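Please read the structure below before turning to the comments.
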Amino acid sequence: MTTTRIAILSPTEQGPMPLPASAGQLVTQLESHQAIWGWWLQSWALPLPEGEIMPFLQELSRQAATQNRQVTWASSAQPVARRLVLQGQNAPEALRRALAALHLQGLMPGRVEAAQGALLILTLHGPENRLSLHNHQLQEALEGLAVDAALTPIWPAGHFRLLLADMDSTLIAIECIDELADHLGLKRQVAAITERSMEGELDFRTSLQERVRLLAGTPVSALDDVIAHRLQLNPGARELVQGLHHHGIEVGVVSGGFTHFTRHLQDLLGLDYAFGNTLEISGGQLTGNVLGEIIDAPAKAQILQALAQGLDTDPSHCIAMGDGANDLAMIHLAGAGIAYHAKPVVRSQADFQIRHGGLDAVLAILSLTPA
């Protein structure tokens, strides 16, 4: 059966639009009928193709145009339900742009699931198109506004079992090796190598070895100094981990950085897993070498795969999150890949982006309530 969905956006101060007399018995119940983000949203579905109700649609549109209201509609034979999550600056322009961009793809608003301050969640209905396309169009439509947007599937409860996150510039606000180098007066040399690696211009394995060689002779106490005086969690880190654990989702950190820092982060946040590279130490000093296999992009994906198997599931029930090119392999493998304040190369390939909010914004994207 073909369904036509209709939505009216009216400035909040105007209130809802009185429906024209031609509505008759067509409109029996509104799905949404409330003020959200500076608009009054009215939305409903009719079990008819738009061709059969075109006179009604035209009359509705004509009256709306004289009242500074916006009317949209779209028909779909087998509409699929999605969830739109907006977080941030709850300005009327943000909602208008988001719905306009999605309407171009045949998606129409349905029920309002949440409207609390900086968070708005709507159910949307429309054709089963690629979510990645919708999400990139959303980002373009909201450019210049401090709003994070995500169009997601409606995952069933308990769908996700694991979140695996990068450490530097993801769970924490610093690049540990850069801060260690700064502590030693070597930041400019090391940061230049780090940046080339994060942009995907330099092989990570080679860049790590080059950076670690610069640290030869460093006392181990310098790593503790960085932890004590420079390491900072990114906003929302504790809330994210607590929220995930509240819903039975395990959390791990996997880093091309060093175990000295990943183990500290595991203790600090109560993480279930922590993986990093092991620095060789001799006589209380760094030798400039890395022990064992280096954790690079393929290794991160392999760890995600192994952890999923250990939980008797597969990567489609896992989330991967990071900011740099060496996170892309696990982001591609996971059922939900999230770019957190990431480099352009990562934003362009991830399923979802967080560009403005904190780490706890992940909870809303996954449709999870905070702990």
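One table, with the values for the structure above:
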| item | result |
| --- | --- |
| Length-normalised contact order for the stretch 244-371 - Cα pairs under 8 Å, 6+ apart - percent | 16 |
| Calculated Rg and Dmax of the stretch 170-307 using C-alpha coordinates, Å | 15.1, 45 |
| Accessible area (Å², per residue) of the chain, counting only protein heavy atoms and a probe of 1.4 Å | 42 |
| Residue-by-residue Karplus 3J(HN,Hα) for the stretch 311-316, coefficients 6.51, -1.76, 1.60, Hz, glycine and proline x | 8, 6, 9, 9, x, 5 |
| GluC sites (Glu not before Pro) lying in DSSP loop within the stretch 159-232, provided at most 11 other Cβ fall within 10 Å | Glu201 |
| Equivalent ellipsoid semi-axes - Cα gyration tensor, the stretch 170-217, angstrom | 16, 14, 9 |
| For the stretch 233-274, alpha-carbon Rg relative to the globular expectation (2.2 N^0.38 Å, N residues) | 1.12 |
| Cα gyration tensor category, rounded, prolate or oblate, for the stretch 15-112 with a/c compared to 1.5 | oblate |
| Selection from Ala149, Pro109, Leu133 lying farthest towards where the dipole of the stretch 95-156 points positive, charges on Cβ | Pro109 |
| Cut-off under 5 Å, modelled amide H: who pairs with Val251 long-range | Leu163, Asp272, Tyr273 |
| Listed residue (Ala77, Gln67, Pro92) projecting farthest to the positive dipole end of the stretch 52-106, Cβ model | Pro92 |
| Vicinal HN-Hα couplings computed from phi for the stretch 227-233 (Karplus, 6.51 cos²θ - 1.76 cosθ + 1.60; Hz; Gly/Pro x) | 4, 6, 10, 10, 6, 10, 5 |
| Kirkwood Rh and Cα Rg combined as Rg over Rh, evaluated for the stretch 110-229 | 1.13 |
| Scattering profile of the stretch 291-371 at q = 0.23 Å⁻¹ [log10 I(q)/I(0), Debye over alpha-carbon scatterers] | -1.07 |
| Protection proxy ranking of 313-319, 329-335 - average other beta-carbon atoms within 10 Å, highest first | 329-335, 313-319 |
| Computed magnitude of the charge dipole of the stretch 242-371 (debye, nearest 20; Cβ of K, R +1, Cβ of D, E -1) | 360 |
| The chain, dipole about Cα centre (Lys/Arg Cβ +1, Asp/Glu Cβ -1), debye to the nearest 20 | 780 |
| Reciprocal mean inverse distance between Cα atoms of the chain - Kirkwood radius, Å | 22.5 |
| Accessible area, probe 1.4 Å, largest first, for residues Met167, Met54, Met1 | Met1, Met54, Met167 |
| Of every Cα-Cα pair in the stretch 126-188, the percent that sits beyond 16 Å | 70 |
| Angstrom value of the Kirkwood radius, inverse mean 1/r, which spans all Cα pairs in the stretch 64-157 | 13.7 |
| For the stretch 239-255, Karplus couplings with θ = phi - 60° (6.51, -1.76, 1.60), whole Hz, Gly/Pro x | 5, 4, 5, 4, x, 5, 4, 4, 9, x, 9, 7, 10, x, 10, 10, 9 |
| Three-way shape label, the stretch 104-149, alpha-carbon gyration tensor, a/c 1.5 | oblate |
| Over the chain: helical MRE at 222 nm, DSSP H runs n ≥ 4 each giving -39500 (n - 2.57), nearest 500 | -10000 deg cm²/dmol |
| Amide hydrogen neighbours beyond the local backbone of Gly276, cut-off 5 Å, H modeled | Ser255 |
| Globularity ratio of the stretch 1-72, using Cα Rg and 2.2 N^0.38 Å | 1.06 |
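The values are calculated or read from the model by the stated rules, or taken from the named source; none is laboratory data. All of these numbers come straight from a predicted model, not from anything done at the bench. Glycine also receives a Cβ, built like all others from the backbone with ideal geometry; neighbour counts cover every protein chain displayed. Heads up: the accessible areas ignore ligands, DNA and RNA and are worked out on the full protein's heavy atoms, side chains in. Shrake-Rupley method; radii C 1.70, N 1.55, O 1.52, S 1.80 Å.
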